[in-house]
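A quick write-up on the structure given underneath.
The values are calculated or read from the model by the stated rules, or taken from the named source; none is laboratory data. Everything quoted here is computed from the prediction, not taken from an experiment. Neighbour counts are summed over all protein chains in view; Cβ atoms, including those assigned to glycine, are modelled from backbone coordinates with ideal geometry. Each accessible area value is taken on the protein alone, full model and side chains, heavy atoms only, with ligands, DNA and RNA left out. Shrake-Rupley method; radii C 1.70, N 1.55, O 1.52, S 1.80 Å.
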Amino acid sequence: MQRFDVIVLGAGAAGMFAAIEAGRRGRRVLVVDHAKAAGEKIRISGGGRCNFTNLGIAPERFISRNPRFALSALKRYTARDFVARVDAAGIGWHEKTLGQLFCDGSATQIVQMLLRDMAAAGVELWLGCTLGEVRREAGGFSVETGRGLVAGGAVIVATGGKSIPKMGATGYGYQVAGAFGLPLVETRPALVPLTFAAQELEWMAPLAGVSGQARVSCGKTGFDEAVLFTHRGLSGPAVLQISSYWREGEAVMLDLAPGVDVGAVLRAEKQAAGRAMLRTALGKLLPERLARHVEAAAGVTGPMAEMGRAKLDEVAAMVQRWSLVPVGSEGYRTAEVTLGGVDTDALDGRTMEAKGVPGLYFVGEVVDVTGWLGGYNFQWAWSSGWAAGQVA
Ligand code: FDA
């Protein structure tokens, strides 16, 4: 049986980062993954440019049963630390919006940087290799793999969540946690488009492809970002963000002209050009197809001069307080991340080690820490992987 100091399960962002750090400390490290290539989600992330971190890291931008759990790792290995590594690798980057940092070129540059760093740290990488049971043994653990049983003093579970099974997501990490008696927080797809019932889709379908800035909220939480109407419902950054907070049966509220007093604008437009159609006035605030849609939905057929104050207010409310009840989401098939996972109560926030199971660590998405859209999830993967890599 081959022996290693550290066996990392999963060659994604968190696993590779943990392996590099442990390898740099002189530990003999093995990384095992059933995928044919390492870092596949990094490769496709950020539309192929990898939104690798965010300058606005703050605890309230992470969802967890214990939102403060992530703080220790995030403070010890920061967005600036990762940027310094990207700079040292000569990878160009830019800030797109809202503190989101993207590669100027391709996301594969990040994967290559991590592969180079792993090789330099002497990390062994087994790709296309299945994983089986992890067992406690004297002096550490044994792990069943497609290449036979391997022994490790420490095991770092970095197999991610359930999102995008087509890319190899399995939920394996939750099974390992369960086998060691660690509690799990219920999982659900997050950062995912929301879907609607046939009766809503009927009127939404003609809007498919329309996008614009909006405020999308659910309860007290709201996001001012782009919204996209699709054939299945609603997508775009603002909708993906709110999907992490939305629960079945709740309504989401759309403000299609955030920061604008639409009622006042419509009254002024009516005064200035009463013979103009409502869609023309709305077209100054909304994409044209949406403006026409609101006009039709409000049952307005004549010029604005024929509209009374109550009707103008009704239209303004349609634009700014549009309440919709999704029937569900597109699920793990398209979700960018998985909410829930290994309960943080069972982990040491400084090291990611399981309390009561010395030598067993959980890092990245498998843990009940889920970031907002915008580079937060990769930063969690880097920071938590780094934390485990310092001690495993
Ligand atoms: P990750 O899922 O990356 O890695 C887990 C690894 O474990 C995989 O290589 C998998 O093959 C392996 N594995 C799983 N089960 C196994 C088993 N049973 N046996 C063997 N191996 C197994 N985030 C962000 O911050 N910025 C962004 O731009 C994006 N963009 C983005 C786009 C898309 C389309 C998706 C789906 C996701 C994003 N994300 C993102 C989220 C980000 O990709 C995610 O948070 C991290 O990849 C999580 O890193 P982990 O290493 O924890 O898991």
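Applying both filters, DSSP loop and at most 14 other Cβ atoms within 10 Å, to the trypsin sites (Lys or Arg not before Pro) of region 293-392 gives R321, R350, K355. Return the subset of K162/K220; K75/K220; K75/K355 for which the Cα-Cα distance in this structure is over 25 Å, preserving the input order. Cα-Cα > 25 Å for K162/K220; K75/K220; rest within. Only helical runs count toward this figure. For the chain, summing -39,500 (n - 2.57) over DSSP H runs of n ≥ 4 and dividing by all residues gives -9000 deg cm²/dmol at 222 nm.
Among the protein heavy atoms, those of D345 account for about 90 Å² of accessible surface (1.4 Å probe, every chain in place). For the chain, the longest principal axis of the alpha carbon atoms and the long axis of helix 79-88 meet at an angle near 70°. Expressed to the nearest 5 percent, the antiparallel share of DSSP beta bridges inside the chain is 70 percent. Only Lys, Arg, Asp and Glu carry charge here, each on its Cβ (+1 for the first two, -1 for the last two); on that basis the chain has a dipole of about 420 debye about its Cα centre. For the chain, the relative contact order is 26 percent, taking Cα pairs closer than 8 Å that sit 6 or more residues apart in sequence and dividing their mean separation by the residue count.
Taking Cα atoms only, the orientation of helix 13-24 departs from the longest principal axis of the chain by about 30 degrees. With the charge dipole of the chain set up from +1 on Lys and Arg Cβ and -1 on Asp and Glu Cβ about the Cα centre, the Cα lying farthest toward the positive end among the listed residues V185, Q241, W380 is that of W380. Each part gets one Cα centre, and for region 152-201 versus region 57-101 those centres are 22 Å apart. Size estimate for region 98-153 follows the Kirkwood approach: the inverse of mean 1/r over distinct Cα pairs works out to 14.3 Å. Each principal axis of region 193-330 carries a Cα extent, and these read 44, 28, 22 Å when sorted largest first. Applying a DSSP loop filter and a limit of 12 other Cβ atoms within 10 Å to the trypsin sites (Lys or Arg not before Pro) in region 187-262 leaves K220, R247. Counting only alpha carbon atoms, the long axis of helix 309-320 and the longest principal axis of the chain meet at about 10°.
The trypsin sites (Lys or Arg not before Pro) of region 89-152 that DSSP puts in a loop, and whose beta carbon has at most 13 other beta carbons within 10 Å, are R147.
Here region 101-254 is treated with +1 on each Lys and Arg Cβ and -1 on each Asp and Glu Cβ, and its dipole about the Cα centre works out to around 160 debye.
Computed from the alpha carbon positions, the gyration tensor of the chain leads to an equivalent ellipsoid with semi-axes of 48, 20, 17 Å, biggest first.
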